[in-house]
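S.K.: Below is the structure I would like to discuss, written out as structure tokens.
Derivation of every value follows stated rules applied to the coordinates shown; laboratory data play no part. On a predicted model such as this, the values are computed, not experimentally measured, just so you know. All Cβ positions, glycine included, derive from the backbone under ideal geometry; neighbour counts span all protein chains shown.
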Amino acid sequence: MWAAFLRFVTEVCAVPPEPGVPPGAQGSAKVFRAASGYFRYRLGLWILGRLLLLVLFGAPFLVGSFALAAEGEAKVAVVFSWIGWVVLGVWLVSLPVGYALRRLDQEFRWYIVTDRSLRIREGVVAVREMTLTFANVQNVSVEQGPMQRLFGVADVHVQTAGGGGGEPRPGEQSMHVGILRGVADAHALRELVLERVRRTADAGLGDPDDLQRSAAGDPESAKAALVVLERTRALARVAERLGR
Amino acid sequence: MSALPPAIASIERPHPKLWTLYLLRALLTGPALVVVLPVLYFRYHTLRYRFDEQGVHMRWGILFRREVNLTYRRIQDIHLRSGLLQRWLGLGDVLVQTAAGSATAEMTIEGLPEFEAIRDFLYQRMRGHDELAHGQDPGVPALATTLHAIADELDRVRIALERVAPPAPAP
């Protein structure tokens, strides 16, 4: 039934298929999905919220209506019980909807790490995809709340330069941060990203070409040096025969 | 660097579907339609793109003209964003960001059905894409490593030659 629902949603919302690997990096690409713990974490958090809602809004009306009926205020009691039942009905309907939303979010979530770039794709109704190269990464951080620790997941934040103008508005995330939510082995992923960031060997600003040349020499010189090494070895062999 | 693909170089005007999208969006604003629709109408009709060897240029506006110019090598990250309406129309936004300190995207390329091709094109020219490609050839060791090996070999040559022709005793 879930599979049929998934097909239906994909059709109606015209959700694009699984994101492709950035061009030129097929061999080195690693595709991650959010851990199953992430779904349980989101579900757990949401169930807690639902229960709180029921206790705060639904129950008072129902309990209140019984109390009022006991006091002899029959008319008010009926109104109260009606409100109570409506709230309860809405609450019940929200259960499968909320469950489906969280499960869809889990299904349509991909993280792709290649040797030089990172791609994050998420969303069903609003589809968002972010691609950044490690040469631009300024900072990698791991965040884990107590609930997330309980479910064994963490968020990895990958930040690029820029993005001032104060904190982003609530509900919106800065465009310069890629968040890999609900990753099972956040530390391994952080190390992987950091290792690839380090390999680019520039500060993440300015023109990388100059830096690359000065740091490691350009590839043509490296090849030329190899040839010189070969010749010198031959020369050494001749000289050693001479000396014997 | 590879040449500019003709499919990208020829992009100039947004697709007519963008006007459909603008119409639908204006309708969704309700009474604000009166204000929103003319703005979007002029935006759609004046929107021009130009992709050249160095960067991408975008301009629009009739009374207040705006022009955004962006160099490929300065691109920090590329976003694709699409809402339901856009996907139903086969459109998507490509949001391009540089390291400039704005929280929103420096350029939002909208109204082009080939948004995925544009994303791939920009990705292949952005900062950090080809550094590794020409910076690290796995078959060739770093220049410094080879130079050290050459110095060692030259030492072998000197030692061998000194055996034939011993160095003159110091005067």
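S.K.: Determine the shielding of peptide A:132-140 by partner chains: average, over its residues, the number of Cβ atoms on other chains within 10 angstrom of each Cβ. Before the final figure, lay out each step's value.
M.R.: Values: counts 10, 12, 3, 8, 10, 3, 2, 0, 0.
Going residue by residue through A:132-140 and averaging, the value is 5.
S.K.: Turning to a different aspect of this structure: Taking +1 at the Cβ of each Lys and Arg and -1 at the Cβ of each Asp and Glu, which of B:V157, A:V9, A:A186 sits farthest along the dipole of the protein assembly as shown towards its positive end, judged by Cα position relative to the Cα centre?
M.R.: Towards the positive end, the residue furthest out is A:V9.
S.K.: With a cut-off of 8 Å between alpha carbons and a minimum separation of six or more residues, what is the relative contact order of chain B in percent? Intermediate values should be presented prior to the final figure.
M.R.: Values: 197 pairs, mean separation 27.4, N = 171.
Relative contact order, chain B: 16 percent.
S.K.: Let me ask something else about it. Could you give P(r) for the protein assembly as shown, binned at 20 Å from zero, as whole percent values over all Cα-Cα pairs?
M.R.: 19, 41, 24, 11, 3, 1, 0
S.K.: Same structure again: Give me the percent relative contact order of chain A, please, defined on Cα pairs under 8 angstrom at least 6 residues apart. The partial results should precede the final answer.
M.R.: Details: 278 pairs, mean separation 44.8, N = 244.
Relative contact order of chain A: 18 percent.
S.K.: Counting each DSSP H run of 4 or more residues in the protein assembly as shown as -39500 (n - 2.57), what helix-only mean residue ellipticity at 222 nm follows after dividing by all residues, to the nearest 500 deg cm²/dmol? Before the final figure, lay out the partial values.
M.R.: Details: 15 runs with 205 residues, N = 415.
Counting only the DSSP helices, I get -16000 deg cm²/dmol.
S.K.: How many partner chain Cβ atoms sit within 10 Å of a residue's Cβ in peptide B:104-113, on average, as a whole number?
M.R.: Numbers: counts 6, 2, 2, 0, 0, 0, 0, 0, 0, 0.
For peptide B:104-113, the averaged partner shielding equals 1.
S.K.: Note down the net charge around A:R103, summing +1 for each Lys or Arg and -1 for each Asp or Glu among other residues with Cβ under 15 Å from its Cβ. Don't jump to the answer; show the numbers that get you there.
M.R.: Working: positive: A:R7, A:R33, A:R40, A:R42, A:R102, A:R109, A:R181; negative: A:D105, A:E107, A:E122.
Every neighbour counted, the sum reads +4.
S.K.: Can you give the convex hull volume of the alpha carbon atoms of chain B per residue, in Å³? Kindly include the intermediate steps, with their values, before the conclusion.
M.R.: Values: hull volume 33.9 nm³, N = 171.
Normalising the Cα hull of chain B by residue number yields 198 Å³.
S.K.: Go through B:88-99, B:140-151 and give me the packing order, highest mean Cβ count within 10 Å leading.
M.R.: Working: B:88-99: 20.9, B:140-151: 15.9.
Most protected by this proxy first, the peptides run B:88-99, B:140-151.
S.K.: Also, quick follow-up: Shielding of A:113-119 by partners, i.e. mean partner chain Cβ atoms within 10 Å per residue? Before the final figure, lay out each step's value.
M.R.: On the way: counts 0, 1, 3, 7, 7, 1, 4.
Mean partner-chain Cβ count within 10 Å for A:113-119: 3.
S.K.: Charges at C-beta only: +1 for Lys and Arg, -1 for Asp and Glu. How large is the resulting dipole of the protein assembly as shown about its Cα centre, in Debye rounded to 20? Let's see the in-between values first.
M.R.: Working: 47 positive and 42 negative charges, 79 e Å.
The dipole of the protein assembly as shown has a size of about 380 debye.
S.K.: Would you look at the GNM of chain A, springs on alpha carbons closer than 10 Å, and say which of A:A59, A:A225, A:A74 moves the most?
M.R.: A:A225
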